[in-house]
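Please read the structure below before turning to the comments.
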Amino acid sequence: MKLLLENWNQFLNEAKEMVCPKATQDLELNTGNRNAAIQAEHIQYGPLNLSDEDYWVRAAKHWNTTPEVAKKSNCGNCVAFDISPRMLECLPGPVSEPVEDEEGKLGYCWMHHFKCHSARTCYTWAAGGPISEDGVSHDWQDKNKFPED
C-alpha cells in the first residue's frame, strides 16, 4: 500500500508539472503580462508592427549593434521561447502551427509569461533557443514558477 501511495504521489507531481502555464489558457492574464512586457523599460517587447523600423533602431542602440543584426536576435531564437510539442498543445489553434514566411509563429516566453511571436524580440533576449523538447520545457517550468502558474 505504501508503494502504491508513493507511486500515486509521484504521478500527481509529474502531472502538475505538465499543466499548461496559466497565461496560455487565460486571455486576460496573457494580455496583461504581454502589455507589461511592452511597457517595461527593461523589456520593451515588440515591435507591435513588424515593419516598425524605429523599434529595431532602438533595439540596436540598446544592444550597441545595427538594426539588421538586432532583427536576427528575436524571440524565435531566444533561450526562453518555448515551442516544444507540449507547449504547442497549450497554445490556441492554427496560430501555433509553423509558418514558412516572415510572420513567424507563436510560442511561450518563460521569462515574461505570455504567448509571444517568434519574429518579435525584447531587451531581455538571450541566445540559445528555442526550447523544442518537452523535457527542457518542463525544466523551465520547474525553475521559473510564476505566481499565476
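The values are calculated or read from the model by the stated rules, or taken from the named source; none is laboratory data. What you are looking at is a predicted structure, and each value in this text was computed from that prediction instead of being measured. Heads up, the Cβs are rebuilt from the backbone with ideal geometry, glycines too, and the neighbour counts pull from every protein chain shown. Just the protein is used for accessible areas: all its heavy atoms, side chains included, with ligands, DNA and RNA removed. Shrake-Rupley method; radii C 1.70, N 1.55, O 1.52, S 1.80 Å.
Observations
- Checked against the criterion of being in contact (Cβ under 8 Å) with a residue 60 or more places away in the chain and not hydrophobic (A, V, I, L, M, F, W, C), segment 48-67 contains one or more residues that satisfy it.
- Residue in segment 125-149 that is modelled with the lowest pLDDT, counting only those that are open to solvent by less than 40 Å² (accessible area, probe 1.4 Å) and assigned to a loop (DSSP other than H, G, I, E, B): Asn144
- Among the residues of segment 45-69, the one identified as open to solvent by 70 Å² or more (accessible area, probe 1.4 Å), part of a loop (DSSP other than H, G, I, E, B) and modelled with pLDDT of 95 or more is Asn64.
- Test: residue in segment 91-101 that is at pLDDT below 95, more than 18 Å from the chain's Cα centre (by Cα) and open to solvent by 30 Å² or more (accessible area, probe 1.4 Å): yes
- Residue under evaluation Leu12, criteria (1) modelled with pLDDT of 95 or more; (2) over 14 Å from the mean Cα position of the chain (by Cα); (3) open to solvent by less than 80 Å² (accessible area, probe 1.4 Å), criterion not met: (1)
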